[in-house]
Structure formats: C-alpha cells, structure tokens
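Contents: one structure, followed by commentary.
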Amino acid sequence: MQNPLIKTKSLKITKVFLSLISFLLIITQVSCAQKNNTGKIIVSSKGKIESLDPAQASKLLAIQLISSLGDTLYRINSDGNLEPRLAKDLPTFSEDRLTISIPLRENVLFHDGTEFNSYAMAFSLKRFLEIGTLSYVISDRIESIETPERFKLILKLKRPSSSINGVLTSINITPISPKAYLSFKNKFLNDKFIGTGPYKLESFTPERQALIPFEDYWGNKVQNKGINFINYSTSVSLFSAIKSGQVDVLLSNSIEDGHRRALNQLSQKGLLNEGEGPAMQIGYVALRSHKPPLNNKVLRQALSYSINRDLIVRKVSYGLRDPLRSVVPRALKTENNEPWPKYEPSIAKELYKRAGYCNNKKLILPITFRSNVPADKLLALTWQEQVKKDLSECLILELNGVESTTIYKQLGEGSFEAVILGWTGDYPDPEAYLSPLFDCKKINNETCKKGEAVFGGTFWANQKLQNVLKRSELESGITRNNTLNEAEKLASEGTAILPVWLVKPRIWTQPEFNTPEFDGSGRVLLDRLSIKSKNE
Amino acid sequence: MNRTRAIAKYTAIRLGSIPIMLWLISTMVFMLLRIAPGDPVDAILGNRADDLARNAMRERLGLNQSIFKQYLSFLNDLIHGNLGNALNTQEPVSEIISKALPASIELGITALLIASIVGFVIGLSGTARPESKTDLAGRLYGIGTYALPPFWAAMMIQLFFSVILGWLPIGGRLPPGSSIPEGSGYLILDSIKNGNLLLLQNALRHLLLPAGTLGILLSGVFSRSLRINLNKTLQMDHIEAAKSRGLNKSRILFFHALPNAMLPVLTITGLTVASLIGGALLIEVTFSWPGIALKLQEAINQRDYPIVQGIVVVISMLVVFISVIVDLLIAIIDPRVSY
C-alpha cells in the first residue's frame, strides 16, 4: 500500500540525493590531484614516524628516513666493509685500543649552512649520550669525547671495544647542526632534522614526510627530484597502493608475508622491480632455562632437533625468509657456519626419551607468540602442526598469543617457558646479536642472575662464553671472527635460543624505475632511485 | 516550576555533574593503565636496556614515584588544564590531541551527514511504499549495513574504488608531499575559508571513502529507525486530524509527522556521535586516517599513559556535552518531555 503523503516528497529527495552524489564524484574527479606531477618519488611504508630526532630513533622507518637526511661517520657498504662517510678515513686505534682517532671530512655543510666539524660531531655524540633512548648501547664504552683539531675527533674508551666500528655506523649518532639544536640540547626535536645528508626535510607529519635534494651536498648528487614518504596503517593499504600505481615505491619493513609473496610474483612477471637487502632481522625462540622443565639441557637440545625450519619458512613466508641455524646474520659473517643442529626427529625422540618423555608421557610446552606480529603466529601454528605430525608421542605445543608490550615486560620476570621473538642488531656487527642475547653480568651455575640473558627471558649463561665475548673486544680481523664463531658455538650448545629464520628487507618499485639498492646495513639508498633512461 | 526553569535546572545539574564524571573516568583510566601489563619504559627502550638505563628513564618520566604521587600530580595537572607530555616523544599531549581531533571530527561529522541523508532517503522511501520492493530493499539494507563487519566493508570499498576503479586514494588525509596547511586543522573549513580549491578537492577526495564507508554502515540504523517511527506516527490521531483540516501533504509530513518520528532518531544520533568519536578505529586504521582513535590505539600499544589519559578525558568531555545537547534538543522539540 502506498502512502500518498510522502511518495512525491521522497522521490524529490531521492533526486536531490543522487544529484549530490554525482556532484561530489565530479568535483573529486575533475583533475588528477592524486597523480604525482611534482616529479618526486612517492615512497610508502607502514606505520608512523613519531620523531625524527636521531637520539630517539629506534624504528626501522625512522632510521631509513634519517639515513637519507643525514650522514653517519661511517657506513657498511654493500660488500660488508666499513666505508668512511663524514669521516675522511678509517678510524685508528691506539696500542692499548682505548683511544680512537677519527679524521673528519672537510667542506661539509649542514642543511642550515653550519659547517660540519669536530665540534659538531662531539655535540651530537654528547647529546645522544645525554638524552638518547638507546644511549645505554654505547655509554658503557665511551669515556670521553675530545676535539683536538677542527677536523679530528678523539674517542677515549672505558674498555677496548672492537665492535665500536659498528657503533660508528649507527644512525643514532648521525651528526646534527649544533646551531639548529642549541635549544634542544637536552630535549628531543621531533618534527625537524638538520643534518648533512643528500636530502633536506621539506615538511613533516607523523604520517607523511617530504624530502628535497640538498643542493650543497658534499657527495654525489641525488638522482631524483625528491622523495614524498607516505605511511599507511595496514599491509593491505600498502599492497593496494603499489598495485594500483598510487605510489612508486614500497618499503617492506612490516608488510605481511602473503602480500610479500604476491609482490614477489608481480616482480617475477615484470610488473614491478624488486630489490633485496642484506638480512639483518632474525626470528628465534627463547627458552626459559632456569626453571623446569626446560632447565633440563637435554630437553632443550631435543627441542633444537624438533624444529623444521625449512618447512616453516616455506609455509609461513612462501620461501621468502631464509631458514636460520645461527644467531648472527650471514651478511655479518665471513664464513657460513651454522652451529645449531638441523631438524632430526629421530635424534629429537632419543633425547626426549633420555629426558624421561615419550613413553606415555608427553612434554606439554606452552609456546608464547606476539599476537600483534602475524608471522610469529603462523610460525607457532606451523611448528605445532609439524610436531603433531612427527613427534606427537613425545611433545605437545600449546599456543598462547600475548601482545608484544606485555611480553617484553614479563620476559625478564621469567613468565614464558618458550617465546617467539625477533631481533635486529643496533649496529651491523656480530657483537650486536651475541651480546644482547647472551651477555650476563652475574652467573650462578649456568643461570644468569643479572644481565641481557635475563631481559631476554632465557636466563641462560655460561662463563666460558662471557670470557670469549670479552676476548673478542680486544681482537680484530680474522682472529675476532674466529672468536665470535667460537662464542656462537658455545651459545648453540647451551640451546637457550633456537634461531628460526632470517628476514631480508625488500623494496618494490614501479617498472619504470631502476632496481633499488641497499647499503650493507639494510638501508635503501633512496638517492640512487630514478626513472630508467629510455635505452635501459 | 515552569518548563523553561525546569530545563535550565536540568541543564545546570547535567553540566555540574561533568567534573565529577570526568574525575571518575580519568581516575578509572589512570588506575586501569597502571594495572594493565606492560611498561612504557619497555616500549621506549626495548626489553634489552639495562637497569641503569631503565631507572634513568623511569626517573626522567616520573614513573619512579609512587602511584599515589603520580595520581595526585596527574589530577593537579588536569585541574589546571595540563594534560602532560607524551612519554615517548615528550610532545605536549594537548598538541597531539589538537592535531588528531580535527581529523576525527571532520570524519565523524561527514559520516554522520552521509548516514543521515542516506538513512533519511531510504527510510522515507520505505514509508512511501510500505511492503513494496523498495521497502524490502530498504529493510535489507538496514539490517545488512548494521551486520557488516566494519573492517571487511572498509577493505572491500577500498579495493573497489581505489584499486579496481582507481577513482579515489587508498588512504590518508591529503596526497603524498602535501602538508596540512596552517589553520584550524579542519581541512574542508580551512580550504573554503582561504578559497583554496585544490585543497578542498584533495580533502574531499581523501574524505569520501572513509566517511562514505562509515556513513553507509551507520545509515542502516537511521533508515530502520526513521521508517518504523514515521509509520507509527502517520497512523496517529493528530495526523488524521491534520488531514481532515485540509492541510497540504508536505506540511503534514514535515511539521506534524517528522518532528515526532525524529525524536527517537535524535536520541540514536546522540549515541552514535558518542561512539563515532572513539569508535571509528577500524575505519581510521583501514584508511590510514590520522584521527584520535588511531592515536589512542598507538598510545595504548606504547603504554604512553599521558596520551591515553588525555584522549579519554577529551572524548569523555565531548560525549557528555553532546548528550546534554541532545537532551536539550529533545526537550525543545517535544513539549511532552518533562524534567
């Protein structure tokens, strides 16, 4: 039954409504506002950048951006060697290895026109030591910073430290203009950056940043007209943005494995370019070794033989992650030794039996994963299924997802028997992986009472390993590499950590761009991105 | 007591209760955050920092003090209008909120506008032809949009309009490279005020998908509510009386039926606005919309207590104000309402 009262009126309203929709669609489609007419490259990534202060930066995205806006004293080049940037030459060590002398490059300007010199470098270093969130990484090594000459910096160390070379490549000690940061000596400057890099900051919000070439840059000129960063909240948005051509470049720091695979397939079809950097991020399982049941070393060894890394990387990442049987990424090693054992269910069963399991007694092990990291959940699920298939008479894995912030808080309290975690070294050196995972300041019968192993949730320590790590700080070259290999072997025998996979940073560009390059620390060299010339 | 005085008294009581409500809410948030597992120091330093670094950071952030002292200091700051500084970036919380709130309000108001228009049109169409195909479609639409999971609907809409058709941007508030101009933070208002057509166009392009998605998802409730209430009203005696007095159709509809039918819709609108300010999270996440809900989620993840507390207090204030305004509007429209 029709209601004549409102029939006519509703038709009129419908017409007005449709006209309004059409008007909106027309005005939003009139010009190609979304198209990039500036000639700048649009780079997309996941997450936000809350701060551009190098003393504050710890997230990969902020580190990537700061590496384009500033230069470090040294960087690790694609061959894995230390390459002077703002330093003129390699550092020289005194005989007692407690003094480092660094000659600095001349004729380098900050973006505000201030000269880069030893004073500026000392200002930046001291500021980081004073307010830097990660200052604890270097504060126990640097005794004092001296500026004997305008272009010479002297670092006095508290103890000999071979890994200081790696520290000198850290983005956190990127020099900043003392003039621009004068009022920010003791506090963060979040939305500006005045460095010496190939780009200078044009505008900044946490969600988008615009970079333009720095015309007075001391090094090679950038090969594009600038970079517009845009940060999306989800992996789906990132994937959609590059697929629909709304962005030119996609950085893969946090993109999900399914999307990574789809992008990889698109690049194999020639629809995108894919660049691959040195893998610096490891995924591992930390085993709590000071409380039952995993205080039994035989059980930990059994678990070490129970994980099929090849299957896991195939199922979780479609082969785009590398299986890992070492805690130090391959890019930081001279030889490819992998001290952790391969998957051997028969040996694992023997070990479980030796520990008193398998004969109608199953080890029920809760595995905790970071619920906000999709890959960790998939790792846990795949491992659980693999164990059900091959080792069901000895081992049952129970999964437990907990938000990462809660996990980090409770790790040091020994709340998790086995927990899946990830780690990227603060600087590109094996020591940046071994120390944070195995250092211990107070050991009691293979149990760490105080130190990194406690924060990491393993509570495992070994005096011999500590001695070897300490010795490595006094050595250099091949001798040091051998010592670090020895340390890793000792760590593998303790089996408090099960390395699982290695994550390579990837970047995708639209086909008209050249293939992107990475430096040896896994950072993209954005200044080398450009549109291909016609004969390429 | 006459009606005007009664309304004024009611308003005064409601406004007077705001400080008490805010105190209760902020106290609850303060306590819940401290009880929740996780530590802001871990979120800032990572879990590898040694005790020395952790204690220094704790001291710097004022977290070394007793919970009671922290609470007193928080209340004292709140009374003086100081929401504190973010633990992570040390940026004043009021600045963080003032940057994010306009984005959420712009999204919320546009979504509400779309929801009202769409809901009104569909509700009215259904009433025009009760039990017809249009009515059935409208009812299905109402139930469907209400039942759709927001994140799924948002992703589908994004896929269709941004990826397949390529008409609208994937997300954000403005195109890459363009920065938010100086002004109120409300891009549409700012662009109209400054006569900046390009900014207006860009702002509308970016607003259309998130606001459209949110608006469509909310419109079902409006259309259902309007249809039911309008049908009920049109059968009332006063409508028959109006018809018999020979009043024209439009007058009956807009001056006699609609005001009565709109009362429950207005109540729903009030409740929706309240949920919109903090509840548009999934839409803000999907469309990378830099609003207050997204900021709140990030702050919770980072255990950034001052930001969470600040945002909750501001949202609570808005919700209380809006509910008072809705109550007053209802009182003004409907003389039957007594206080």
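Coordinate-derived values only; no laboratory data. Given the structure is predicted, the values throughout are model-derived calculations rather than measurements. Note: ideal-geometry Cβ built from the backbone for every residue, glycine included; neighbour counts use all protein chains shown.
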Requested in this report: Using a 10 Å cut-off on Cβ to Cβ distances, tally the other chain neighbours for every residue of B:247-254 and report the average as a whole number.
Outcome: 3
Requested in this report: Subtract the Cα-Cα distance of A:Y318 and A:N186 from 0.36 nm times their separation in residues, and report this length gain in nm to one decimal.
Outcome: 42.8 nm
Report task. Grab the beta carbon distance between B:E131 and B:I330, set R0 = 25 Å, and tell me the FRET efficiency rounded to 0.05. Result -> 0.25
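With a 10 Å Cβ neighbour count serving as the proxy for reagent exposure, in which order, fewest first, do A:T99, A:T92 appear?
If I rank by nearby Cβ atoms, fewest first, I get A:T92, A:T99.
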Report summary line: Residue span A:K152 to A:K269: 0.36 nm per residue of separation minus Cα-Cα distance leaves a gain in nm of 37.0 nm
Report summary line: Each label sits 7 Å from Cα toward the beta-carbon; between B:I109 and A:V298 the label points are separated, in nm, by 7.3
Query raised in the report: Which helices pass in chain A if a helix is a full DSSP H run, must span at least 15 angstrom along its long axis by Cα, and must have mean Kyte-Doolittle hydropathy not below 0.5?
Result: A:4-29, A:118-131
Requested in this report: May I ask which of A:K221/A:K532; A:K200/A:K225; A:K409/A:K470; A:K156/A:K470; A:K389/A:K409; A:K362/A:K389 have a Cα-Cα span longer than 22 Å here?
Outcome: A:K409/A:K470; A:K389/A:K409
Requested in this report: Provide a whole-number value for the mean count of partner chain Cβ atoms within 10 Å of the Cβ atoms in peptide A:231-244.
Outcome: 6
Query raised in the report: Can you work out the base-10 log of I(q)/I(0) for chain B at q = 0.15 1/Å, using the Debye formula on its C-alpha atoms alone?
Result: -1.31
Requested in this report: Could you check the simple spin-label distance between A:E398 and A:R261, using points 7 Å along Cα→Cβ, in nm with one decimal?
Outcome: 3.1
Query raised in the report: Where does the stretch A:281-503 land on Rg/Rh, using Cα atoms and the Kirkwood Rh?
Result: 0.95
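Of all the stretches in chain B, which is the longest one without any exposed loop site, taking GluC sites (Glu not before Pro) in a DSSP loop (any state but H, G, I, E, B) with at most 14 other Cβ atoms within 10 Å?
The longest such stretch corresponds to B:183-339.
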Query - Restraint check, A:K46/A:K342; A:K40/A:K192; A:K388/A:K489; A:K192/A:K441; A:K187/B:K69, Cα-Cα greater than 27 Å - result: A:K46/A:K342; A:K388/A:K489; A:K192/A:K441
Report summary line: On the formula 1/(1 + (r/R0)^6), with r taken between the Cβ atoms of A:K179 and A:E215 and R0 of 22 Å, the FRET efficiency rounded to 0.05 is 0.70
Report summary line: Quick calc of log₁₀ I(q)/I(0), chain A, Debye, one scatterer on every Cα, no solvent, q values 0.12 1/Å, result -1.18
Requested in this report: Sort A:E215, A:E431, A:E452 so the one with the fewest other Cβ atoms within 10 Å of its own Cβ comes first.
Outcome: A:E215, A:E452, A:E431
Requested in this report: Compute the projected area of the convex hull of the Cα atoms of the stretch B:160-259, averaged over all viewing directions, and report it in nm² to one decimal place.
Outcome: 10.0
Query raised in the report: In peptide B:31-37, how many Cβ atoms from other protein chains are near each Cβ within 10 Å, on average?
Result: 2
Requested in this report: Measure of size requested: the Rg and Dmax of the stretch A:60-184, with Cα atoms as the atom set and Å as the unit; please supply both.
Outcome: 13.7, 40
Report summary line: Counting only DSSP beta bridges fully inside the protein assembly as shown, the antiparallel percentage to nearest 5 is 75
Query raised in the report: To the nearest 10 degrees, how steeply does helix B:197-234 sit against the main Cα axis of chain B, on a 0 to 90 scale?
Result: 50
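Given that compact globular proteins tend to follow 2.2 N^0.38 Å, what is the ratio of the alpha-carbon Rg of the stretch B:1-71 to that value?
1.89
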Query raised in the report: Between B:N82 and A:E130, what FRET efficiency comes out of the Förster formula 1/(1 + (r/R0)^6) with R0 = 22 Å and r the beta carbon distance, rounded to 0.05?
Result: 0.30
**Report entry** Under 16 Å from A:K297, Cα to Cα: aspartates and glutamates that are on another chain or at least 8 residues apart
**Finding:** A:E350, A:E417, A:E446, A:E493
**Report entry** Helix-derived mean residue ellipticity, 222 nm - over the protein assembly as shown, DSSP H n ≥ 4, -39500 (n - 2.57), to 500
**Finding:** -15500 deg cm²/dmol
Query raised in the report: Percent antiparallel among DSSP beta bridges with both residues in the stretch A:281-503, to the nearest 5?
Result: 65
Report summary line: A:E202 and B:Y71 label points (each 7 Å along its Cα→Cβ direction) are spaced in nm at 5.2
Report task. Enter the Cα centre distance for the pair the stretch A:189-226 and the stretch B:1-72, rounded to the nearest angstrom. Result -> 39
